[in-house]
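Report on the following structure.
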Amino acid sequence: MTPILVVGAGIAGLTAALETAEAGCPVILIEEQPYLGGRVAAFHQYFPKMCPPACGLEIQYRRLRDNPLVTVLTGATLGALDGAPGAYQAHVRMAPRYVTGACTMCGECVPPCPTKAISLPQASAWPPLYAIDRAACPPGCQACVPACRYQAIDLAQQAETRTFSVASVVFATGWEPYDAARLENLGYGQFPNVVTNVMFEKIAAAGKIVRPSDGQEPRTVAFVQCAGSRDENHLPYCSSVCCAASIKQAAYIRAAYPDARVFVFYIDIRVPGRLEQFYAKVAADDKVVFFKGKVAKVAAGEAPGDLLVYAEDAMAGKKRVLRADMVVLATGIVPRTAGLPAALPRDEFGFAAPVSGQTGLYAAGCVHRPSEVSAAVEDATGAALHAFQCAVRSASHG
């Protein structure tokens with residue numbers, strides 16, 4: 001059977017690849033980063049169970065290791081895509097990793113590197129190999145080469161393009177956060193303690209929640225919902241998961257600092273299904289206060305690094321000014337559709353349609369619609385079924 005191609009190896013891409021391969025169809029899974037797992041791999045915790053991403057990704061990685069029908073290519077991007085359903089030619093550009101499969105992840109190559117250009121991309125990275133950002137290396141530097149006793153570093157590796165015949169393609173290229181710098185009134189880029197929800201997740205995942213400006217523990221944190229979303233001047237749509245993500249992050253703060261206070265400014269709380277129970281649990285905490293109202297601006301406070309949040313309190317019918325140690329902007333989801341084939345339709349907001357008119361190109365996960373992890377997995381399973389059916393049809397007609 002002709003393979004299918006899955007573009008993107010976040011949680012949606014991993015799911016689509018594994019479900020298809022376990023149905024008996026070969027899969028080529030490509031990912032532009034040197035590791036799999038996408039944004040989920042960088043999470044601190046999932047909601048609503050509040051467990052680390054390794055507890056879900058580890059199972060996926062094991063399934064990959066055990067399935068010979070999946071070919072994984074990291075540092076790989078899709079160039080041209082020619083042909084028709086059942087008979088596509090996919091031209092894949094592959095960037096060098098500069099580290100071979102002989103790597104044991106001993107880490108002895110890291111200390112000699114003057115710019116820390118060599119690293120393990122994630123703590124639980126898969127493939128379990130270091131990678132080198134050659135652009136970050138000083139000219140002519142090869143300090144890491146003699147440090148590797150296993151001769152796993154090959155700085156002579158070159159980029160290459162490989163062409164694959166595939167029956168269908170699943171695009172799971174994911175999303176980017178909306179550019180918070182465009183929200184000038186909310187202080188991002190002006191004050192170091194104004195961060196985005198994605199940045200805050202990385203701060204928490206690093207081990208300890210602290211203020212970027214001085215490394216101090218925040219005792220008051222304000223979350224600004226719909227930062228750029230549901231706004232005709234920015235993103236006119238709701239990004240679906242921002243409310244739940246902020247509530248999850250509020251739970252991080254309360255777990256880390258029992259005396260800390262959290263303020264959440266929202267237009268509407270949108271937490272469908274079982275996430276409503278998660279919201280109710282956090283809202284029951286008397287140190288987490290929800291204000292229905294938009295934030296007008298974020299300004300500097302009196303003490304260094306402090307912030308003032310100017311907002312309406314619609315329920316009380318008045319304006320409020322609250323001091324905060326940190327402000328977290330819940331920026332929305334922007335689909336990563338740039339560079340995808342024109343034959344894959346987009347809606348008015350730029351999200352890819354789940355099934356193209358050609359019935360051979362499919363979209364899954366947040367490139368298709370804003371969604372949390374479990375919904376992205378379900379979405380990817382459906383895309384895998386469509387892609388598999390296309391491959392079966394092409395095999396029977398061949």
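The values are calculated or read from the model by the stated rules, or taken from the named source; none is laboratory data. The model shown is predicted, which means the values in this text are computed figures rather than measured ones. Positions of Cβ are backbone-derived with ideal geometry, glycine not excepted, and every protein chain shown enters the neighbour counts.
For segment 242-284, the tally of residues that are part of a loop (DSSP other than H, G, I, E, B), over 17 Å from Pro218 (Cα atoms) and among the acidic types (Asp, Glu) stands at 1.
Just so you know, in segment 369-390 the residues that are free of Cβ contacts under 8 Å to residues at least 40 places away in the same chain and of a type outside the set (A, V, I, L, M) include one that is nearest to Ser168 (Cα to Cα), and it is Gln389. Which residue, of Gln45, Gln33, is touching a Cys at 6+ places or on another chain (Cβ under 8 Å), among the polar types (S, T, N, Q) and surrounded by 14 or more Cβ atoms within 10 Å (Cβ to Cβ)? Answer to the selection: Gln45. In segment 226-251, of all residues being closer than 17 Å to Val289 by Cβ and over 19 Å from the mean Cα position of the chain (by Cα), the one that is surrounded by the most Cβ atoms within 10 Å (Cβ to Cβ) corresponds to Ala250.
Only one residue in Tyr46, Tyr61 is under 23 Å from Pro177 (Cβ atoms) and touching a Gly at 6+ places or on another chain (Cβ under 9 Å). Which one?
None of the others qualify; the one that does is Tyr46.
Of the listed requirements (1) within 22 Å of the chain's Cα centre (by Cα); (2) modelled with pLDDT of 95 or more; (3) of a type in the set (Gly, Ala, Ser), Ala90 misses just one: (1). Taking the listed residues Ala251, Ala205, the one that is at pLDDT below 95 and farther than 21 Å from Val298 by Cα is Ala205, with no other qualifying.
Out of curiosity, is Gly215 modelled with pLDDT under 95 and either among the small types (Gly, Ala, Ser) or not assigned by TED's automatic domain parsing to the domain that holds Phe349 (or both)? No, not satisfied. Scanning segment 16-49 for residues that are at pLDDT 95 or above, within 18 Å of the chain's Cα centre (by Cα) and more than 21 Å from Pro128 (Cβ to Cβ) yields a single hit, Ala16.
Taking segment 176-186 as the range and being crowded, with 23+ Cβ neighbours inside 10 Å and in contact with a Lys or Arg (Cβ under 9 Å, 6 or more places away or on another chain) as the test, only Leu186 passes. Assigned to a loop (DSSP other than H, G, I, E, B), in contact with an Asp or Glu (Cβ under 9 Å, 6 or more places away or on another chain) and either more than 28 Å from Cys144 (Cβ to Cβ) or not hydroxyl-bearing (Ser, Thr, Tyr) (or both) - does that describe any residue in segment 59-71? Scanning segment 59-71 turns up at least one residue that is assigned to a loop (DSSP other than H, G, I, E, B), in contact with an Asp or Glu (Cβ under 9 Å, 6 or more places away or on another chain) and either more than 28 Å from Cys144 (Cβ to Cβ) or not hydroxyl-bearing (Ser, Thr, Tyr) (or both). Scanning segment 277-295 for any residue that is touching a residue at least 40 places away in the same chain (Cβ under 8 Å), among the hydrophobic types (A, V, I, L, M, F, W, C) and buried (at least 20 other Cβ atoms within 10 Å of the Cβ) turns up at least one such residue.
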